[in-house]
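The values are calculated or read from the model by the stated rules, or taken from the named source; none is laboratory data. Just so you know, these numbers come straight off a predicted model, no measurement behind them. Virtual Cβ from ideal backbone geometry, glycine too; neighbours counted across all protein chains shown.
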Amino acid sequence: MDFLFDNPLANMYGPYFLVFYTLFIISTVIGYRFLRSRLDKTAHFAVPPIPHNPDPFEIAFLRGGANELARAIVFSLVQKNLLKILNEEKISRICPTNVKFEKQSLKPIELTALEWFSTNREAKELFQTNGLAQMLKPYYETFQAKLEMQHFFPDEEMKRRNNRLTLQAFLIFGGLGAYKFIAALYNGYTNFLGIVIITIIGMLVLGLAAKMPRLTKLSKTYLERLQMAFDRIKPSNHNETSVQTSIPSATFAAVDPCVVKKRLNDSAISRLAVWA
């Protein structure tokens, strides 16, 4: 029992231990991030081929989730002159144009969005509770299920392993802090505020580092290849006809499959990107 609380670590001078403890926490977090990166085995999976006519809405959801999907649909409906955006001083409003159209010309997801825009909406409403992003939930849940099958999102096993690894990291440096705290009390020291503060900061840092990436390595590689593919096939002013006849369709439903990369930089709707 004496050795347990009477050893170089237990007797380490307070400021020296705080420096040691801080470095220990940093090392633990770095080690955790390294081990966490090894949980994702999808880097070794075969990358799916680029589809001939990709669904831009599925790509938008893959890249940025429900909010990016909502932006892509607004972009599509603006391109089709079914919506218009009015930019005021501090407010952007999205309004229906009431242009007649054939329902067969729109995808179901676009019809759902257009119904939501039956009245004028502020741009920020897209991402609020009961906003457009929420209305599209049945559609993006379908996207989610399909993309999970392609290993584009972390699976449950990867999440469980990450949770176990996170718990182990917490126990490693939290245990050291708790040991020093108990040793200080045993030896009659009461100046342990620094240990408590550093432990709390370390837990907050690890908590931030523990958040699982939304996309797997396979997904990121796929998006990079998709980006390069459609960058190459964008028609130029010099040879637009020949390019269009020799490459897959670069648009679908009037939406560029790489619309998310452009972040809706079209002058009429660029301000949508700031609402999230």
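Based on this model, can you work out whether GLY188 counts as surrounded by fewer than 17 Cβ atoms within 10 Å (Cβ to Cβ) and out of contact with any Lys or Arg (no Cβ under 8 Å at 6 or more places or on another chain)? Please lay out each step first, then the result.
On the way: surrounded by fewer than 17 Cβ atoms within 10 Å (Cβ to Cβ): yes; out of contact with any Lys or Arg (no Cβ under 8 Å at 6 or more places or on another chain): yes.
Yes.
Restricting to segment 32-76, name every residue that is of a type in the set (Lys, Arg) and either crowded, with 17+ Cβ neighbours inside 10 Å or in a helix (DSSP H, G or I) (or both). Talk me through it step by step, then tell me what you get.
Filtering segment 32-76 for residues of a type in the set (Lys, Arg) gives 33, 36, 38, 41, 63, 71.
Result: ARG33, ARG36, ARG63, ARG71.
Does segment 192-213 contain at least one residue that is surrounded by 13 or more Cβ atoms within 10 Å (Cβ to Cβ), without any contact (Cβ under 8 Å) to a residue 40 or more places away in the chain, among the aromatic types (Phe, Trp, Tyr) and in a loop (DSSP other than H, G, I, E, B)?
yes
Among the numbered conditions (1) out of contact with any helix residue (DSSP H, G or I) (no Cβ under 6 Å at 6 or more places or on another chain); (2) more than 30 Å from THR97 (Cα to Cα), tell me where SER118 comes up short.
(2)
Can you confirm whether segment 133-156 contains a residue that is at pLDDT below 95, closer than 21 Å to LEU206 by Cβ and outside any helix (DSSP H, G or I)?
Taking every residue of segment 133-156 in turn, at least one turns out to be at pLDDT below 95, closer than 21 Å to LEU206 by Cβ and outside any helix (DSSP H, G or I).
Does segment 104-132 hold any residues that are in a helix (DSSP H, G or I) and modelled with pLDDT under 90, and which are they? Step through it out loud before you land on a result.
So the first thing to find is which residues in segment 104-132 are in a helix (DSSP H, G or I), and the list is 104-105, 108-116, 123-127, 132.
Once the filter is applied, which keeps residues that are in a helix (DSSP H, G or I) and modelled with pLDDT under 90, segment 104-132 yields GLN104, SER105, ALA123, LYS124, GLU125, LEU126, PHE127.
Please enumerate the residues belonging to segment 52-82 that are out of contact with any helix residue (DSSP H, G or I) (no Cβ under 9 Å at 6 or more places or on another chain) and more than 22 Å from CYS95 (Cβ to Cβ). Reasoning before the result, please.
Residues of segment 52-82 that are out of contact with any helix residue (DSSP H, G or I) (no Cβ under 9 Å at 6 or more places or on another chain), as a first pass: 52-53, 78-79, 81.
HIS52, ASN53, listed by residue number.
Closer than 28 Å to MET149 by Cβ and touching a Phe, Trp or Tyr at 6+ places or on another chain (Cβ under 8 Å) - does that describe any residue in segment 78-100?
Narrowing segment 78-100 to residues closer than 28 Å to MET149 by Cβ: none.
Taking every residue of segment 78-100 in turn, none turns out to be closer than 28 Å to MET149 by Cβ and touching a Phe, Trp or Tyr at 6+ places or on another chain (Cβ under 8 Å).
When you scan segment 120-147, how many residues do you find that are of a type in the set (D, E, K, R), surrounded by 14 or more Cβ atoms within 10 Å (Cβ to Cβ) and within 17 Å of the chain's Cα centre (by Cα)?
0
Quick check on my filter: what residues within segment 49-67 are among the hydrophobic types (A, V, I, L, M, F, W, C) and within 14 Å of PHE230 (Cα to Cα)?
In the first step, residues of segment 49-67 are kept if they are among the hydrophobic types (A, V, I, L, M, F, W, C); the result is 50, 57, 59-62, 66.
Correct list: ILE50, ILE59.
Looking only at residues that are in contact with a Gly (Cβ under 9 Å, 6 or more places away or on another chain) and under 12 Å from THR28 (Cα atoms) in segment 173-185, which one is surrounded by the most Cβ atoms within 10 Å (Cβ to Cβ)?
Residues of segment 173-185 that are in contact with a Gly (Cβ under 9 Å, 6 or more places away or on another chain), as a first pass: 173-174, 177, 184.
Now restrict to residues that are under 12 Å from THR28 (Cα atoms): 173-174.
Working: PHE173: 23, GLY174: 17.
Only one residue fits best here, namely PHE173.
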